[in-house]
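The values are calculated or read from the model by the stated rules, or taken from the named source; none is laboratory data. The shown structure was predicted, so the numbers you read here are calculated from the model rather than taken from an experiment. Note: ideal-geometry Cβ built from the backbone for every residue, glycine included; neighbour counts use all protein chains shown. Surface accessibility is based on the protein's heavy atoms, side chains included, excluding ligands, DNA and RNA. Shrake-Rupley method; radii C 1.70, N 1.55, O 1.52, S 1.80 Å.
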Amino acid sequence: MSALPNFELHDLKPAVADFRREVLAGLAATPRRIAPKFFYDAAGSHLFDAITQQPEYYPTRTEIGLLRGHGVEIAERLGRQAALIELGSGSDIKIRCLLDALRPAEYLPLDISLDHLRESASGIARDYPQVRVRATCVDYTREFPLPPIAPEAHRVVFYPGSSVGNFEPSDVRDLLRWVAGMVGPGGRLLIGVDLKKDPARLHAAYNDAAGVTAAFNGNVLTRMATELGAKLKVEDFAHHAFYNEALGRIEMHLRALRATSIEIAGQRFDFAEGEGIHTENSYKYCEEEFGALAASVGFVTEQVWCDADRLFSVHCLRVGALS
Ligand code: AVJ
């Protein structure tokens, strides 16, 4: 890759050590769990891209439709020449829609997957030479130092894809507070939130017929084997995803098809048939429910865009004076 004058990459090394530590703790816990952020190595990021192409997986194309269809209005809300910070530089298409509409002075993508980040952010630096691109490889679910932004720059955080659904509702407040601190009073958050809907529709989105979501889920086992040297049989585990209506969330698990075990760093974890590892929650919200959550930490809802079928929502939130 030739050097681009408007591109910088900072690697804060969301280390392998964290992966090992969290996997060991998660497998020792009851119920067993692994955080969904560990899906996203290079292979996992590509599998996620493939998920977004599945006919059953409506969130990505619906959100892109909203960003395209309301680009001008969104840009007017957010204001031009912003410092645009993106949490999880997931989808190239979405950020390009926003960059086209918004023309920010700076773009600061944050992502846990280094290869994915480098590829996507350098492509953007190449195609948007007027935008200064400063990418940071980091686990943004924890606080970390942002690259310095001019104090007078007005800041906008873009958090697309309903990744906020991965957080427990109680933790969403901490995340939103942290974002509010990052953008400061008057700063804005543009956030994609998947809506509550017919459970059958939700179920289908996380159980695509081509089995891509299953492969994405299983990829965390492959990572454990290759990166941590875990002894396990990937084929002993099956993808299990369902909508938990009482809790308003999709749950994904890796369920043992037969008695099996995982050995890591001299520790052995036995699984009875049917026992699982909980790998993801994806919370769904009503529009008002999310607005109330945001308001509880001092965000003012300026506008919400939804598609005609009310599958997905994009919220423009402003940090109020009292946050
Ligand atoms: C990236 C968290 C928004 O919850 O829909 C997709 C991840 N998991 N299919 C989601 C995911 C299974 C996705 N998020």
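How many nm is it between the label spots at Leu4 and Arg173, if each spot is 7 Å from the Cα in line with the beta carbon?
4.0 nm
Within the chain, what whole-number % of the accessible surface is contributed by carbon and sulfur, with the 1.4 Å probe and all protein chains included in the calculation?
53 percent
Taking square-rooted eigenvalues a ≥ b ≥ c of the alpha carbon gyration tensor, is the stretch 64-188 rounded, prolate or oblate, where a/c under 1.5 means rounded and, failing that, a/b exceeding b/c means prolate?
rounded
Given the options Leu24, Leu247, Leu221, which has the most mean-square fluctuation in a GNM of the chain, springs set between C-alpha atoms less than 10 angstrom apart?
Leu247
Within the chain, which is the longest segment that contains none of the trypsin sites (Lys or Arg not before Pro) sitting in a DSSP loop with at most 13 other Cβ atoms within 10 Å?
143-257
Toward the positive end of the charge dipole of the chain, about the Cα centre and with charges on Cβ (Lys, Arg +1; Asp, Glu -1), which of Val183, Asn219, Ala43 goes farthest?
Comparing the listed Cα positions along the dipole, Val183 ranks first.
Please figure out what share of the DSSP beta bridges in the chain is antiparallel and state it in percent, rounded to the nearest 5.
60 percent
How far, in nm, would the chain grow between Ala265 and Arg68 when pulled straight, counting 0.36 nm per residue and subtracting the alpha carbon separation?
Stretched fully, the Ala265-Arg68 segment lengthens by 66.1 nm.
Once amide H atoms are placed 1.01 Å from N in the peptide plane, what residues at a sequence separation of 5 or more from Ile85, or on another chain, have their amide H within under 5 Å of its amide H?
Answer set, sorted by chain and number: Leu108, Val156, Val157, Phe158.
Counting only other residues whose beta carbon sits under 11 Å from that of Glu22, what net charge do I get with K and R as +1, D and E as -1?
Net local charge, Glu22 excluded: +2.
Only four residue types carry charge here, +1 at the Cβ of Lys and Arg and -1 at the Cβ of Asp and Glu. Report the dipole size of the chain about the Cα centre in Debye, rounded to the nearest 20.
It works out to roughly 380 debye.
With each pseudo-label sitting 7 Å past Cα toward Cβ, what's the Ala200-Arg142 distance in nm, one decimal?
Here the answer is 4.5 nm between the modelled labels.
Top mean-square fluctuation among Thr30, Thr136, Thr222, Gaussian network model of the chain, C-alpha springs under 10 Å?
Highest fluctuation among the options: Thr30.
Under the rule of -39500 (n - 2.57) per DSSP H run of 4 or more residues, summed and divided by the residues of the chain, what mean residue ellipticity at 222 nm is obtained, to the nearest 500 deg cm²/dmol?
Helix-only estimate at 222 nm: -11000 deg cm²/dmol.
Between Asp92 and Arg255, what length comes free when the chain is fully extended (0.36 nm per residue of separation minus the Cα-Cα distance, one decimal in nm)?
55.4 nm is the gain from fully extending Asp92 to Arg255.
Find how much the distance from Glu245 to Ala28 grows on full extension, using 0.36 nm per residue of separation minus their present alpha carbon separation; answer in nm with one decimal.
75.4 nm
Between Glu275 and residues 5 or more places away or on another chain, which pairs have amide H atoms under 5 Å apart, with H built 1.01 Å from N, and which residues are they?
Ala256
Any idea what the relative contact order of the chain is, in percent, if you count C-alpha pairs under 8 Å spaced at least 6 apart?
The value is 21 percent.
Taking a ≥ b ≥ c as the square roots of the eigenvalues of the Cα gyration tensor of the stretch 269-323, is the shape rounded (a/c under 1.5), prolate (a/b larger than b/c) or oblate?
oblate
Pick out which of Ala256, Ala75, Ala150 has the largest mean-square fluctuation in a Gaussian network model of the chain, springs linking Cα atoms closer than 10 Å.
Most flexible of the set in this elastic network: Ala150.
Got a sec to turn the phi values of the stretch 148-155 into Karplus ³J(HN,Hα) couplings, 6.51 cos²θ - 1.76 cosθ + 1.60 with θ = phi - 60°, whole Hz, x for Gly and Pro?
Karplus-based 3J(HN,Hα) across the stretch 148-155 equals x, 10, 3, x, 7, 5, 8, 9 Hz.
Quick check: net charge around Arg310, other residues with Cβ under 10 Å of its Cβ, Lys/Arg +1 and Asp/Glu -1?
-1
Between the stretch 296-323 and the stretch 244-262, what is the separation of their alpha carbon centroids in Å?
If we compute the Cα centre of each part, the gap is 31 Å.
Based on the alpha-carbon gyration tensor of the stretch 183-234 and its eigenvalue square roots a ≥ b ≥ c, which shape applies: rounded if a/c is under 1.5, prolate if not and a/b is larger than b/c, or oblate?
Because a/c hits 1.5 or more and a/b fails to exceed b/c, the stretch 183-234 counts as oblate.
Accessible area per residue, 1.4 Å probe, Å², for the stretch 171-302: what's the number?
41 Å²
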